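The values are calculated or read from the model by the stated rules, or taken from the named source; none is laboratory data. Predicted model only: the values in this text are computed from it and were never measured. FYI the Cβ positions are ideal-geometry reconstructions off the backbone, even for glycines, and counts take in every protein chain you see. Just the protein is used for accessible areas: all its heavy atoms, side chains included, with ligands, DNA and RNA removed. Shrake-Rupley method; radii C 1.70, N 1.55, O 1.52, S 1.80 Å.
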Amino acid sequence: WKKANSITQTIPVNMSLGGSMAGPFELEMINYALANDVVVIASMGNDGYNRAQYPAAYTGVIAVGATRANGEKLHFSVSGNFISVSAPGYDIYSTGYDADNSYIDMSGTSMAAPFVTGMVAYLLTFEPTLKPDQIKAILESTANDMGVAGWDEDTGYGQVDVKKAADLVKSGTIPASGSVYSTKTITFSVANTNANYDS
């Protein structure tokens, strides 16, 4: 859609979904999105374990954990070496599913990821030429550290800070694309190493 309509601005896409299975098609789509300036923001998952969840764990995706309003990590928010940042995800007033006009309080990383997606859309109003890797670097460098000092597997770089990120973008001191994260395509291959397997 973006290419067909000659849209040049980076577009944030929220993915409040996930699971433990990775796949080549998903990876191809993530790579295609990033190559065409579509930044993917995904929820970390809510089972409380430290294990990969996809699409959050794909390289280049902004993986978001959930916190309380005071910055405390929620116990069910998945941890892992792929987490980027955290955001409020507890008792968020949102649309419900019982009726067309229902609203309820919901908790989860699926509530935290849209918070970050909206934040990215806001940052793009100041600088629409931001690339996905620049956005990821901005969110991480302006996040408020929490838990263990520096990046950690529970909260990433910390809880996002809208004002600090917006001030950085407005100041023009934005890291050059490719200076923090590689913009190369990620690939992988799968091989059967079981000699007893009869294809």
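What do you reckon, is Lys164 touching a strand residue (DSSP E or B) at 6+ places or on another chain (Cβ under 9 Å), open to solvent by 30 Å² or more (accessible area, probe 1.4 Å), assigned to a helix (DSSP H, G or I) and closer than 21 Å to Lys73 by Cα? So that I can check it myself, show each step before the final result.
Working: touching a strand residue (DSSP E or B) at 6+ places or on another chain (Cβ under 9 Å): yes; open to solvent by 30 Å² or more (accessible area, probe 1.4 Å): yes; assigned to a helix (DSSP H, G or I): yes; closer than 21 Å to Lys73 by Cα: yes.
So Lys164 passes the test.
For region 141-173, which positions are in contact with a Ser or Thr (Cβ under 6 Å, 6 or more places away or on another chain) and of a type outside the set (Gly, Ala, Ser)? Give the steps one after another, and end with the answer.
Step one: list which residues in region 141-173 are in contact with a Ser or Thr (Cβ under 6 Å, 6 or more places away or on another chain), which gives 146-147, 153-156, 159, 161, 164-165, 168.
If the condition is that a residue be in contact with a Ser or Thr (Cβ under 6 Å, 6 or more places away or on another chain) and of a type outside the set (Gly, Ala, Ser), then Met146, Glu153, Asp154, Thr155, Gln159, Asp161, Lys164, Leu168 are the ones that fit.
How many residues are touching a Phe, Trp or Tyr at 6+ places or on another chain (Cβ under 9 Å) and among the hydroxyl-bearing types (Ser, Thr, Tyr) when one looks only at region 2-31?
Count: 1.
Select from region 1-37 the residues that are among the charged types (D, E, K, R) and closer than 25 Å to Ser77 by Cα and list them in ascending order. Steps first, please.
First pass over region 1-37, keeping only residues among the charged types (D, E, K, R): 2-3, 26, 28, 37.
Residue satisfying the conditions is Glu26 alone.
Please count how many residues of region 16-31 are under 12 Å from Gln53 (Cα atoms) and open to solvent by less than 80 Å² (accessible area, probe 1.4 Å). Break it down into steps so the answer makes sense when it comes.
Kept after step one, since they are under 12 Å from Gln53 (Cα atoms), are these residues of region 16-31: 16-23.
From what's left, open to solvent by less than 80 Å² (accessible area, probe 1.4 Å): 16, 18-20, 22-23.
Summing the residues that are under 12 Å from Gln53 (Cα atoms) and open to solvent by less than 80 Å² (accessible area, probe 1.4 Å) in region 16-31 gives 6.
Looking at (1) touching a helix residue (DSSP H, G or I) at 6+ places or on another chain (Cβ under 6 Å); (2) open to solvent by 30 Å² or more (accessible area, probe 1.4 Å); (3) farther than 25 Å from Gly80 by Cβ, which one does Val169 not meet, given that it meets all the others?
Result: Val169 fails condition (2) only.
Taking only pairs six or more apart or across chains, which ones have beta-carbon atoms under 9 Å, a first residue in region 137-156 that is of a type in the set (Phe, Trp, Tyr), and a second residue that is crowded, with 19+ Cβ neighbours inside 10 Å?
Hits for this filter: Trp151/Ile83; Trp151/Glu140; Trp151/Tyr157; Trp151/Gly158.
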